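One structure is given below, encoded as structure tokens.
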Amino acid sequence: MKATRRVARYAVSFATAAVIIPLSVSASAVAAPAAPPLTALSTPTARTASALLLPRPTGRYAVGRDTLHLVDPRRTDPWVPQSGPRQLMVDLYYPAVAGSGTPAPYMSTAEATALINYAGLSGPLAPTTLADTRIWTRANAVPARGRYPLVVLSPGFTVPRYTLTALAEELGSRGFVVATVDHAYESAATRFPGGILPCAACDEYDAGTITQAQVAAGRAQDVSFLLTELTGPHPVWRYADLIDPARIGMAGHSIGGDATLATMLADRRVLAGADLDGPITPPVPATGIDGRPVLLIAAADPSSPDIVPTWTSSWPDLNGWKRWLTVAGADHYTFTDLDYLINESGVLSIPSAPRSIAITTSYVSAFFERQLKGVCEPLLNGPSRDFPEVTFTSS
């Protein structure tokens, strides 16, 4: 089924303020242009006196982080060919020795400015408020020696990899290496060497010259390149020996979820995949995906009309362990840091936000604990009193 063009313009809907924040950006500028002010916000109430803070990870490990800029010399960028080879920005989160390293930043002020401008929050939310969000990760931390499963995280269209930080930290604290990936020209707020790249793919999608399936397929190529760079004969990461190449999973939000299924279809190294509120546009063959497990998590009222139909049509052909979960009260960005942080800032009140990160990290972590470590996770067996918002639609 062809995905609708709305995927390029996913919005965050906040019922209490009756506000829709458009998530789109023009490729004609290096940074995203300022969006119209949120006129429904009569009195901004951002708390500027104290820094925002992501919830503390629950695992036993401290978490370290490295950043890599990768260039694939074999591929020209599909969205801006004149820019040269395909580029990725990658953050590697890993189990670390407690107390080592220095506090890592959430994102740069320049990236926060671009994200806030294009989301239409440039008045009530200061870029430094978002950029200075305190996280639990340490830069240049000493790794906790061992061999750990690898999980790749791909963000939604137009939003940067930092929006999946809480999930990356939770997985890192539980003994996974995590690679969060920004795909060039697919985000409104990602700094590459030379500056913040525009979301050129967004403009092409809006113009109808490319499809979501093409974007997902391109990301699958990106991830396969990344896996070879991390686990191949000549790994580029200094701590590559932490990764167990026989235990690799992937998860993604929105189009990143779509890309997760596309990557599983294209690369058998990915043994398990989680799709967080994203359609499935690459057709799943009738022969299935070699029995590999899949977790689908959706908002009860999906922001894209294509999510449920594509999941329904793909479900019979997902021929391994599988779960389809639906979260009541959730919106599209429940499965990222955004709802939580905007609610905590006081700019908007989002009823589901206080629970959003706990729900996402608990279920996704349980999935990868079960599928990549063989740990029994009863949370995935059926409804839980701890998470009454979560319904098992199919299993």
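The residue of the stretch 121-179 that is surrounded by the most Cβ atoms within 10 Å (Cβ to Cβ), among those that are out of contact with any Leu (no Cβ under 7 Å at 6 or more places or on another chain) and among the polar types (S, T, N, Q), is Ser154. Scanning the stretch 271-294 finds no residues that are in a helix (DSSP H, G or I) and either buried (at least 24 other Cβ atoms within 10 Å of the Cβ) or without any contact (Cβ under 8 Å) to a residue 60 or more places away in the chain (or both). In this structure, does Gly194 turn out to be among the small types (Gly, Ala, Ser) and without any contact (Cβ under 8 Å) to a residue 12 or more places away in the chain? In short, yes.
Elements of the type strands (runs of 3 or more DSSP E) sitting completely within the stretch 79-197 and holding at least 2 residues that are over 29 Å from Gln214 (Cα atoms): these cover 85-96, 137-139. Filter the stretch 261-270 for residues that are among the hydrophobic types (A, V, I, L, M, F, W, C) and touching a residue at least 40 places away in the same chain (Cβ under 8 Å) and give the result. Scanning the stretch 261-270 gives Leu261, Ala262, Leu265, Ala266, Val270.
Going by the conditions given, is Arg268 modelled with pLDDT of 95 or more, more than 14 Å from Val223 (Cα to Cα) and not in a helix (DSSP H, G or I)? In short, no. For the criterion of being in contact (Cβ under 8 Å) with a residue 60 or more places away in the chain, of a type in the set (D, E, K, R) and out of contact with any Leu (no Cβ under 7 Å at 6 or more places or on another chain), Arg65 fails. Checked against (1) at pLDDT 95 or above; (2) assigned to a loop (DSSP other than H, G, I, E, B), Ser50 passes all but condition (1). Taken over the stretch 139-165, the criterion of being over 18 Å from Met264 (Cα atoms), small (Gly, Ala, Ser) and in contact with a helix residue (DSSP H, G or I) (Cβ under 8 Å, 6 or more places away or on another chain) is satisfied by Gly146 alone.
The values are calculated or read from the model by the stated rules, or taken from the named source; none is laboratory data. Not measured: the values here are computed from a predicted model. Every residue, glycine among them, receives a Cβ derived from its backbone with ideal geometry; neighbour counts consider all protein chains shown.
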